[in-house]
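S.K.: Have a look at this one.
The values are calculated or read from the model by the stated rules, or taken from the named source; none is laboratory data. All values reported here derive from a predicted model rather than from experimental measurement. Neighbour counts run over all protein chains shown; Cβ positions are idealised from the backbone, glycine included.
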Amino acid sequence: MSEGRYLINQDLNRPFPQAARGEGLYLYDRQGKRYIDGCSGALVANCGHGVAEIPRAMTAQAESLAYVYRFHFSSPLAEELAGRYCHLTDRPMARAYFTNSGSEAVEAAVKLARARHLAAGESDRYKIISRWQSYHGITMGALSWSGFTARRADYQPYLNDFVHLPPAYCYRCWFGRRPDTCGLECALALETAILTEGPSTVSAFLAEPVVGSALGAAHPPAGYFQVIRDICDRHGVLFIAEEVMTGAGRTGGTFFASDHFPGRPNLITFGKGAGAGYYPLSGVLIDPETADALVSGRGGFSAGQSYSGHPVGMAAGLAVLDYMDKHDLTARAASMGQYLGQRLKTLLDHPSVGDVRGLGLMWGLEFVRDKTTRETFDPARQFHLRLYRAALENGVIFLPSGGCDRGRAGDLALFGPPLIITREQIDDMVEGFGQALSRVESEFGVQAGRPAPHVHRSFPSSGLGTPHGLETSKRRLNC
Ligand SMILES: Cc1ncc(COP(=O)(O)O)c(C=O)c1O
């Protein structure tokens with residue numbers, strides 16, 4: 001009787017679907033319609049839906065010890081999970097700290113970086129440098145460091161003014177380069193920013209190894225993170241690899257995406273796939289030098305919350321790791337990811353698909369009105385949302401987003417299915433999505449060999465024009 005009246009749903013202007021059950025790759029709504037979860041929710045449900053052993057482990061823990069406050073106790077499972085996490089990287093970390101959402105993990109990482117500087121007597125170091133077209137969470141600190149214009153816009157008055165660099169975004173390089181002329185200006189911009197801000201004031205550089213919803217799985221050109229590491233080392237700046245989305249095997253072959261790149265991060269955030277949807281588990285991994293500073297400094301870290309290291313969350317985290325090991329999900333993400341990439345690239349035959357990019361089981365498609373000029377669709381028409389609804393009708397779910405072209409336009413689809421997906425399921429998913437795409441392309445008047453007709457464009461598509469929602473920190477673009 002109260003349906004749609006009390007709950008704040010994502011869309012308050014139309015009936016919102018209600019999920020009733022999940023099993024493997026699939027979600028079922030109350031009417032029994034089946035959906036392929038092509039994005040693990042928000043790239044969270046890495047082990048798939050309805051895995052019985054994970055809630056079983058959580059129930060056993062809740063029955064023996066549901067809660068302890070981190071100020072009074074740790075727990076055997078918390079100690080065990082911290083140890084296992086520290087050894088999930090090729091270059092082992094020294095300590096782990098647990099939180100309950102990706103946003104909190106990012107905020108904790110920034111505070112841990114600050115703690116290291118305070119221990120070294122460098123109390124002037126507090127600035128965080130991050131990038132445009134990035135997303136680090138919705139709490140005010142994490143949103144300040146995020147470079148996702150649409151998500152920042154409404155809350156701009158509450159955000160802190162930190163520097164954002166141009167993204168590592170080869171399809172629309174902000175420096176006008178092509179892959180064959182790339183001089184890694186997007187990485188070198190970090191040094192300019194550090195120098196102009198004052199090296200002794202900069203605490204850390206924060207970046208997603210592969211960008212999630214803000215850039216649809218765009219990953220940096222070769223050599224990017226080595227340049228970043230060298231610049232950080234030259235100036236005593238810490239590097240935080242923001243792996244809330246890319247951790248937990250998502251990018252295939254390694255548990256963390258940063259292991260694909262040279263140079264160890266000082267701090268690594270994780271979340272999403274860590275609890276795989278069974279518990280909101282997240283946290284930060286801490287390198288040996290930062291860990292030593294915590295011991296020699298305050299001798300602790302006081303920025304925790306009531307539910308940090310929750311025993312049931314620890315049980316979930318361990319059960320997720322066991323499940324991932326048992327089914328070799330990190331390796332599977334590499335092999336199935338390769339196949340998913342091949343299948344998605346067949347969609348480049350569609351007139352609106354400008355780019356297909358990704359790593360492991362994290363793939364993005366970027367849609368354009370004109371493939372030659374890479375001109376975007378009119379943002380007011382929200383191509384990505386229309387496509388989302390069309391695919392949903394076909395029973396395929398992906399993550400849509402807009403604004404990749406400097407915050408003002410651009411349409412993306414992000415795929416990141418559970419790591420258990422099979423080749424046949426990938427075929428079904430791409431088939432259903434492709435059919436929806438054809439429908440939407442004809443609605444938008446896109447035809448092979450011809451750009452879609454102009455309806456209305458609010459902004460020019462190229463050049464560093466004045467983007468919508470230009471924030472004060474963008475003045476300080478160091479490019
Ligand atoms: C890279 C990244 N960092 C942080 C977050 C925030 O995580 P949460 O929504 O769990 O707070 C997200 C969420 O999408 C993310 O993709």
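S.K.: Could you check region 275-290 and list, in sequence order, the residues that are within 24 Å of residue 418 (Cα to Cα) and either assigned to a loop (DSSP other than H, G, I, E, B) or within 10 Å of the ligand (Cβ to nearest atom) (or both)? Break it down stepwise before answering.
M.R.: Going through region 275-290, the residues within 24 Å of residue 418 (Cα to Cα) turn out to be 275-285.
Hits for region 275-290 are 275, 276, 277, 278, 279, 280, 281, 282.
S.K.: Let me confirm something: among 116, 95, 70, which residue is charged (D, E, K, R), away from the ligand (no atom under 16 Å from the Cβ) and touching a strand residue (DSSP E or B) at 6+ places or on another chain (Cβ under 6 Å)?
M.R.: On the way: 116 fails: touching a strand residue (DSSP E or B) at 6+ places or on another chain (Cβ under 6 Å); 70 fails: touching a strand residue (DSSP E or B) at 6+ places or on another chain (Cβ under 6 Å).
On inspection, the qualifying residue turns out to be 95.
One line per residue, one yes/no per condition, for (1) more than 17 Å from residue 241 (Cβ to Cβ); (2) outside any loop (DSSP other than H, G, I, E, B); (3) within 18 Å of the chain's Cα centre (by Cα):
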position	(1), (2), (3)
77	yes, yes, no
80	yes, yes, no
83	yes, yes, no
88	no, no, no
92	no, no, no
97	no, yes, no
105	no, yes, yes
111	no, yes, no
115	yes, yes, no
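S.K.: Something else: Hey, does region 138-159 have a residue that's within 17 Å of residue 204 (Cα to Cα), in a loop (DSSP other than H, G, I, E, B) and among the aromatic types (Phe, Trp, Tyr)?
M.R.: no
S.K.: I'm checking my understanding of the structure. Among residues of region 215-228 that are in contact with a Phe, Trp or Tyr (Cβ under 7 Å, 6 or more places away or on another chain) and not in a loop (DSSP other than H, G, I, E, B), which one is surrounded by the fewest Cβ atoms within 10 Å (Cβ to Cβ)?
M.R.: The initial filter retains those residues of region 215-228 that are in contact with a Phe, Trp or Tyr (Cβ under 7 Å, 6 or more places away or on another chain), namely 215, 217-218, 225, 228.
Of the ones still in play, those that are also not in a loop (DSSP other than H, G, I, E, B) are 225, 228.
Details: 225: 22, 228: 28.
Only one residue fits best here, namely 225.
S.K.: Next question. If we keep just the residues of region 271-300 that are out of contact with any Lys or Arg (no Cβ under 7 Å at 6 or more places or on another chain) and of a type in the set (Ser, Thr, Tyr), which is nearest to residue 39 (Cα to Cα)?
M.R.: This residue is 278.
S.K.: Among 247, 212, which is farther than 20 Å from residue 149 by Cβ, part of a loop (DSSP other than H, G, I, E, B), touching a helix residue (DSSP H, G or I) at 6+ places or on another chain (Cβ under 8 Å) and near the ligand (Cβ under 10 Å from one of its atoms)? I'd like the intermediate steps shown before the answer.
M.R.: On the way: 212 fails: farther than 20 Å from residue 149 by Cβ.
The unique qualifying residue is 247.
S.K.: Let me ask something else. Within the set of pairs 6 or more residues apart or between chains, which connect a residue that is closer than 12 Å to residue 427 by Cα inside region 324-346 to a residue that is among the aromatic types (Phe, Trp, Tyr) with Cβ atoms less than 9 Å apart?
M.R.: Matching pairs, first to second residue: 340/363; 340/415; 341/363; 344/363; 344/415; 344/433.
S.K.: Now, a different point. Among (1) outside the structural domain of residue 103 (by TED's automatic domain parsing); (2) without any contact (Cβ under 8 Å) to a residue 60 or more places away in the chain; (3) farther than 25 Å from residue 452 by Cβ, where does residue 400 come up short?
M.R.: (3)
S.K.: Would you mind stating whether residue 366 is modelled with pLDDT of 95 or more and not assigned by TED's automatic domain parsing to the domain that holds residue 213?
M.R.: So residue 366 fits the description; yes.
S.K.: Please state which one of 40, 64 is polar (S, T, N, Q) and not assigned by TED's automatic domain parsing to the domain that holds residue 312.
M.R.: Values: 64 fails: not assigned by TED's automatic domain parsing to the domain that holds residue 312.
Among 40, 64, only 40 is polar (S, T, N, Q) and not assigned by TED's automatic domain parsing to the domain that holds residue 312.
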